[in-house]
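Visitor: One structure is given below, represented as structure tokens, and several questions about it will come after.
The values are calculated or read from the model by the stated rules, or taken from the named source; none is laboratory data. Given the structure is predicted, the values throughout are model-derived calculations rather than measurements. So basically every Cβ, Gly included, is an ideal-geometry build from the backbone, and we count neighbours across all protein chains shown.
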Amino acid sequence: MHPIVTFSSTGTDKNFGDHYVVSIPVGINIWKSQKIGFSAEFQPSIRAENGTSKMANFTFHPGVLVALGKGWTFAGRAAFETSGRYGVTPALNKTVIRGKNSSLFAVIPLPVRFGSDKPTSFTIGFQFGIAF
């Protein structure tokens, strides 16, 4: 599990002042072999604004995992959001600390989104998580 926090502002004089969104993605990875597997990530997002909060979006990310060696994994995922947006989220994952019963990892996701009468968007993220 690796929480994602994003901040946004609608005014030109403020930085991160209007609201924030917290997402907590949870994934299930099933390895078919040591080289390839299936991944599904479920990501609810909560938006806090003006002293109140609500679930703002839910993203379903099905995809493929490819082991690159030395603790590196590529995740190629499709993305389907309840907001009406869709796209892809390729991600590069590195196991940072491998324990006996769990591992810590870092991820760089590169989400690309389309739809909902909005322009195409591309972002870069950074996540930490625990695998067990």
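Visitor: Counting just the residues of the range 89-108 that are in contact (Cβ under 8 Å) with a residue 24 or more places away in the chain and under 19 Å from residue 28 (Cβ atoms), which one comes out farthest from the chain's Cα centre (by Cα)?
Guide: Restricting to residues being in contact (Cβ under 8 Å) with a residue 24 or more places away in the chain and under 19 Å from residue 28 (Cβ atoms), the top hit is 101.
Visitor: Please enumerate the residues belonging to the range 90-103 that are over 28 Å from residue 56 (Cα atoms) and assigned to a strand (DSSP E or B). Let's see the steps before the verdict.
Guide: Restricting attention to the range 90-103, the residues satisfying the condition of being over 28 Å from residue 56 (Cα atoms) are 94-103.
Listed by number, the residues that qualify are 94, 95, 96, 97, 98, 103.
Visitor: Any idea which of (1) loosely packed, with under 13 Cβ neighbours inside 10 Å; (2) among the polar types (S, T, N, Q); (3) in contact with a Phe, Trp or Tyr (Cβ under 6 Å, 6 or more places away or on another chain) is the one residue 82 doesn't satisfy?
Guide: Only one criterion is unmet by residue 82, namely (1).
Visitor: Which of the residues that make up the range 103-116 are modelled with pLDDT of 95 or more and farther than 19 Å from residue 75 by Cα?
Guide: 114, 115
Visitor: Take residue 64 and decide whether it is over 22 Å from residue 130 (Cα atoms), touching a strand residue (DSSP E or B) at 6+ places or on another chain (Cβ under 6 Å), among the β-branched types (Val, Ile, Thr) and in a strand (DSSP E or B).
Guide: On the way: over 22 Å from residue 130 (Cα atoms): no; touching a strand residue (DSSP E or B) at 6+ places or on another chain (Cβ under 6 Å): yes; among the β-branched types (Val, Ile, Thr): yes; in a strand (DSSP E or B): yes.
Answer is no for this residue.
Visitor: Evaluate the range 81-89: report whether one residue or more is within 17 Å of residue 131 (Cα to Cα), at pLDDT 95 or above and assigned to a strand (DSSP E or B).
Guide: Taking the range 81-89 and keeping what is within 17 Å of residue 131 (Cα to Cα), we get none.
Within the range 81-89, none of the residues are within 17 Å of residue 131 (Cα to Cα), at pLDDT 95 or above and assigned to a strand (DSSP E or B).
Visitor: Right, something else. Determine, yes or no, whether residue 56 is part of a strand (DSSP E or B) and exposed (fewer than 14 other Cβ atoms within 10 Å of the Cβ).
Guide: Values: part of a strand (DSSP E or B): yes; exposed (fewer than 14 other Cβ atoms within 10 Å of the Cβ): no.
Answer is no for this residue.
Visitor: Sticking with this one: Is there a residue being at positive phi and touching a Lys or Arg at 6+ places or on another chain (Cβ under 6 Å) anywhere in the range 109-120? Before you say what the answer is, go through the steps one by one.
Guide: Quick first cut of the range 109-120, residues at positive phi only: 115-117.
Checking which are touching a Lys or Arg at 6+ places or on another chain (Cβ under 6 Å) leaves us with 115-116.
Yes; the residues of the range 109-120 include at least one that is at positive phi and touching a Lys or Arg at 6+ places or on another chain (Cβ under 6 Å).
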